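The values are calculated or read from the model by the stated rules, or taken from the named source; none is laboratory data. This one's a predicted model, so the numbers in the text were calculated from it and none came from an experiment. Please note: Cβ atoms are built from the backbone with ideal geometry, for glycine as well, and neighbour counts cover all protein chains shown.
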Amino acid sequence: MAANADPFVVYIGFDSREAVASDIAAASISRHTRHPLKFYYLKHRGLRKAGFFQRPWIVDSDTGNWRDLLDSKPFSTEFSHTRFLVPELQKFRGWALFMDADMIFQNDITKLFSKCDDKYAVMCVKHHHEPTVDTSKMDGRSQLKYYRKNWSSFVLWNCSHPSNRGITKEKVNFMAGRDLHSFSWLKDEEIGALSFNYNYISGVSPILSDKPSVIHYTEGGPWFDECKNVPYADLWDHELRLWHEDGSPNYDHQFIDRSLDKIRDAAE
């Protein structure tokens with residue numbers, strides 16, 4: 001990539017109970033590419049202060065999960081709704097990636113962004129993951145059933161697409177969660193498909209002969225003591241070790257440009 005290439009914009013979900021996961025997600029992206037990157041963590045408190053987010057919720061005393069006071073539905077992370085603010089946060093311009101915190105990249109994000117197709121409003125992995133009943137994940141949180149489950153956990157947003165003008169912050173603050181996660185403001189043909197390799201969920205995605213491009217620890221990540229032996233835990237532990245060796249950086253609102261390093265490497 002050219003030294004002056006526009007950075008890839010990446011929004012990562014942030015949950016205060018697993019803050020380290022957001023840093024490891026960002027670190028895994030940064031480690032595998034030389035393309036300039038711009039990271040933002042979706043922290044609901046900051047978004048509330050900035051006037052972008054105002055959905056009220058409470059902690060359910062019976063389950064410890066959050067319950068949305070607008071549609072009375074439970075949800076499992078602090079960024080369940082804020083991911084849909086990405087188009088407006090981007091001022092409805094350009095492409096941006098949203099990803100859950102419980103994910104790591106295992107190849108160059110440039111390959112993903114090369115798949116951006118302007119005819120689509122969003123692009124995602126179209127999982128067939130429809131639990132028949134609500135259950136518990138391995139970290140004790142609710143595993144909820146809903147239409148198009150996990151489609152919104154990893155989304156290439158075409159923020160410039162005219163149809164995404166329909167997902168303003170006002171809509172995000174008042175639309176039912178099920179309608180947000182199913183991309184109800186879009187036509188089916190405006191939702192592009194990515195290979196399951198870009199949102200690999202053990203037990204849901206087809207078995208691979210090689211490691212996935214993006215691993216999703218949706219059943220509970222190895223940063224929880226009770227989830228140390230989940231599939232691909234060794235790869236997350238590897239990213240954690242490299243992150244510590246790099247000084248345990250925080251990537252929130254960080255611009256990373258290794259293009260000069262790339263020029264130097266090419267000259268050696």
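Just a few scattered comments:
- Considering residues of the range 43-78 that are within 17 Å of ALA19 (Cβ to Cβ) and out of contact with any helix residue (DSSP H, G or I) (no Cβ under 7 Å at 6 or more places or on another chain) only, the residue surrounded by the fewest Cβ atoms within 10 Å (Cβ to Cβ): ARG45
- Candidate set: the range 124-148, residues that are at pLDDT 80 or above and surrounded by 19 or more Cβ atoms within 10 Å (Cβ to Cβ); chosen: the one farthest from SER114 (Cα to Cα): HIS127
- Given (1) free of Cβ contacts under 8 Å to residues at least 12 places away in the same chain; (2) touching a Cys at 6+ places or on another chain (Cβ under 7 Å), index of the condition PRO87 fails: (1)
- Subset of the range 11-42 that is touching a Pro at 6+ places or on another chain (Cβ under 9 Å) and surrounded by fewer than 20 Cβ atoms within 10 Å (Cβ to Cβ) - its residue that is farthest from SER248 (Cα to Cα): PRO36
- Listing of helices (runs of 4 or more DSSP H) fully contained in the range 1-107 that carry 2 or more residues being at pLDDT 95 or above and among the hydrophobic types (A, V, I, L, M, F, W, C): 19-31, 86-89
- If you check SER76, SER30, SER72 for being of a type in the set (S, T, N, Q) and within 30 Å of GLY247 (Cβ to Cβ), only one passes: SER30.
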